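To start, the structure itself, in structure tokens.
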Amino acid sequence: MYIPKHFSVNDRQELLRFVQKNAFGQLISRADNRPEASHLPFLLSENSEVLVGHLARQNPQLDSLDGEQVLVIFNGPHAYISPRWYTSPGVPTWNYQAVHIYGIARTFTDEQRLMSLVNKLSEKYEANADKPWQPEYSPKLLRAIVGVDIEITEIQGKYKLSQNRPAQDRQQVVDALHAEGETAMAEAIQQWNP
């Protein structure tokens, strides 16, 4: 990913926090000499060294995934930024937050590990429900999925949040984004440019 210096984020803890908050990613690998991608939720291991997820057993991406270097992309809020919101001259652009994780993929089919993964994913995403779903399913359903561990070898972060603009322009961008209902992006700009 091309990352100009003023948009670069190198704080590993910040990038891992971002991944936990925006955990639905795109797993990208090569299969039959072409890129393949799957969209799935991930969890970080307890030591934050491994991404864990699962794919449908029928997913052709599994055919060449084990042992391969992969890329997982996580996206946060994004929004169009109009130069009419600036006091100083500018051009149209797009603000966004993205984290790229590179790593080595290892697949697993151990039923206990798969059950633990499904239960942890359910626990995470059911946490705010009035009556959270309690994992109750036939273990044979686990045979329809294959787990994947991705040992993290590199993390890149890019937060393009108008850092290259004067403070007055940034505030006008925030105000315009709020007016257009793009509150997540407005809040990200405020948080990253206090």
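The values are calculated or read from the model by the stated rules, or taken from the named source; none is laboratory data. From a predicted model like this one, the values you see are computed outputs, not experimental measurements. Glycine also receives a Cβ, built like all others from the backbone with ideal geometry; neighbour counts cover every protein chain displayed.
Only one of V52, V91 is closer than 27 Å to Q134 by Cβ and out of contact with any Gly (no Cβ under 6 Å at 6 or more places or on another chain). Can you tell me which?
V52
Identify, please: which residue in the range 148-176 is buried (at least 18 other Cβ atoms within 10 Å of the Cβ) and among the hydroxyl-bearing types (S, T, Y) and is, among those, farthest from the chain's Cα centre (by Cα)?
Ranking the qualifying residues of the range 148-176, first place goes to S162.
So which of R84, R17, R12, R57 is free of Cβ contacts under 8 Å to residues at least 60 places away in the same chain, farther than 18 Å from S162 by Cβ and basic (K, R)?
Of R84, R17, R12, R57, the one residue that is free of Cβ contacts under 8 Å to residues at least 60 places away in the same chain, farther than 18 Å from S162 by Cβ and basic (K, R) is R17.
Can you pull out every residue in the range 112-171 that is outside any strand (DSSP E or B), under 19 Å from Q20 (Cα atoms) and charged (D, E, K, R)?
Across the range 112-171, the qualifying residues are K120, E123, K124, E126.
For the range 1-90, which fully contained strands (runs of 3 or more DSSP E) count at least 2 residues that are among the hydroxyl-bearing types (S, T, Y), surrounded by 19 or more Cβ atoms within 10 Å (Cβ to Cβ) and on the phi > 0 side of the Ramachandran plot?
Here the list is empty.
Name, by its number, the condition in (1) in contact (Cβ under 8 Å) with a residue 60 or more places away in the chain; (2) farther than 27 Å from R57 by Cα; (3) surrounded by fewer than 17 Cβ atoms within 10 Å (Cβ to Cβ) that does not hold for N193.
Unmet condition: (1).
When A179 is evaluated against the numbered criteria (1) without any contact (Cβ under 8 Å) to a residue 24 or more places away in the chain; (2) surrounded by 13 or more Cβ atoms within 10 Å (Cβ to Cβ), which criterion, by number, is the only one it fails?
Evaluating A179 over (1) without any contact (Cβ under 8 Å) to a residue 24 or more places away in the chain; (2) surrounded by 13 or more Cβ atoms within 10 Å (Cβ to Cβ) leaves (2) as the failure.
Considering I81, I145, I155, which residue is β-branched (V, I, T), under 24 Å from W192 (Cα atoms), touching a Lys or Arg at 6+ places or on another chain (Cβ under 8 Å) and modelled with pLDDT of 90 or more?
Only one candidate passes the filter, namely I155.
Does R106 satisfy being modelled with pLDDT under 95, assigned to a strand (DSSP E or B) and either basic (K, R) or under 27 Å from A184 (Cβ atoms) (or both)?
No: the conditions fail for R106.
Can you confirm whether I145 is crowded, with 17+ Cβ neighbours inside 10 Å, touching a residue at least 12 places away in the same chain (Cβ under 8 Å) and touching a His at 6+ places or on another chain (Cβ under 7 Å)?
Answer is yes for this residue.
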